[in-house]
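What follows is calculated from the coordinates using simple rules that are stated; it is not laboratory data. On a predicted model such as this, the values are computed, not experimentally measured, just so you know. Note that we place each Cβ from the backbone using ideal geometry, even for glycine, and neighbour counts take in every protein chain shown.
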């Protein structure tokens, strides 16, 4: 049979042999492209070329939950499951979901020949046995760290930060549903090759880091931590049990969080949440995130603002909340900064707001890091909108409420 397939090839003129595709985001297709696009999105120099091809495709037999099916060869397990009518639910939901497509978050993991493996980047093979029910199997996720932090994240209480003491022990989780061309953590985001950890293992390691460095908080960032709901909820439960009374911090882009998901996180012990809506204008948001589907970008943007409002209105008495966005004049005007300030002030003018000065990295090496004076102007604009707790990151340190400076 002939099928239209996505094929990724290498543009040798753009390839700089950086080794990223050999050590971080590696091909799991066994030497043959299965069209998962993980390498296409991950290449820092955009040396991967995507095209559609009509190819001859035979059928192979696999077994799904004890039932035999004939599926096209050369497909990923995810595509094969979809071809026989298995539906992947919305990202952030409970159940089978595939939010990143990069192989880092493990949210799409199913049992393949008895072992947990990712459906999005694993090719189907003749005779493969797939089982969809993984509730009784410990979830996995690729984890970077832990490391101690002197500054923290978007919702690290500003008064704890002095630039001298470590305030948080942090881990970073691989996989993301956004495709930000200036991703500041791309070695984490696109990692599909490191050994994954269970929630318990990650919580133990983070707890040891906290004890060694004497931090007041424990944090998880990414990538996007919320992609694998089962893993994250269990991680916070383990962390709470090991660190009673501690500040447990989640940083998220807010795109797929739902009210029930937030409720579950708080119940599991998360008491410190930072949400990063990134922008307020759709065009700006699409440029920052690399999301080309306008409807999807609109949904993500609206959800991040709505979920920030929900956390503040429902949990401000139990959770320390912060909002954040990244500023660079290459994608955002001061007028839009003012609009963001107005939106946050309408939620709660006391809300902590952290603005990061993004610098050239990953696929956006043409931008320049904003000058210190420019970031202080951003701070002034936000404070003029009535915001009382504004922190801006600069090349020389952080400037917070009342002109408080925290050098690096």
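For the reader, a short list of remarks on this structure follows.
- Remark: the residue 366-residue 333 segment gains 10.1 nm on full extension, using 0.36 nm per residue and subtracting the alpha carbon distance.
- Label positions at residue 113 and residue 51, each projected 7 Å from the Cα along the C-beta direction, are separated by 3.3 nm.
- Antiparallel bridge percentage (DSSP; both residues within the chain; nearest 5): 55 percent
- Region 371-408 versus region 116-150: alpha-carbon centroid distance in Å: 41 Å
- For region 278-354 versus region 69-96, the inter-centroid distance based on Cα atoms is 33 Å.
- The fewest-to-most ranking of 263, 133 by surrounding Cβ atoms within 10 Å reads 133, 263.
- Antiparallel content of DSSP bridges confined to region 87-225, in %, to 5: 70 percent
- Axis of helix 334-347 versus longest Cα principal axis of the chain: the two differ by about 90°, to the nearest ten degrees.
- Paramagnetic label zone (point 7 Å from Cα along Cα-to-C-beta, residue 63; backbone N under 18 Å) in region 73-107: 81
- Candidates 281, 12, 363: whichever shows maximal mean-square fluctuation once the chain is modelled as a Gaussian network with Cα springs under 10 Å: 12
- Full-extension gain in nm, residue 4 to residue 376, via 0.36 nm per residue minus C-alpha separation: 128.7 nm
- Sites residue 384 and residue 195 - FRET efficiency at Förster radius 60 Å, r taken between beta-carbons, to 0.05: 0.75
- With Cα atoms, 0 to 90° folded angle of helix 229-242 axis to the chain main axis: 50 degrees
- The long axis of helix 199-213 is offset from the longest Cα principal axis of the chain by roughly 30 degrees.
- Taking every C-alpha pair closer than 8 Å and separated by at least 6 residues, the mean separation divided by the residue count of the chain gives a relative contact order of 12 percent.
- Relative contact order (percent, whole number), region 59-131, Cα cutoff 8 Å, 6+ residue spacing: 38 percent
- Extension reserve of the residue 17-residue 404 stretch, reckoned as 0.36 nm per residue once the Cα distance is removed: 134.9 nm
- Within the chain, helix-based [θ] at 222 nm, where runs of 4 or more DSSP H residues each add -39,500 (n - 2.57), nearest 500: -8500 deg cm²/dmol
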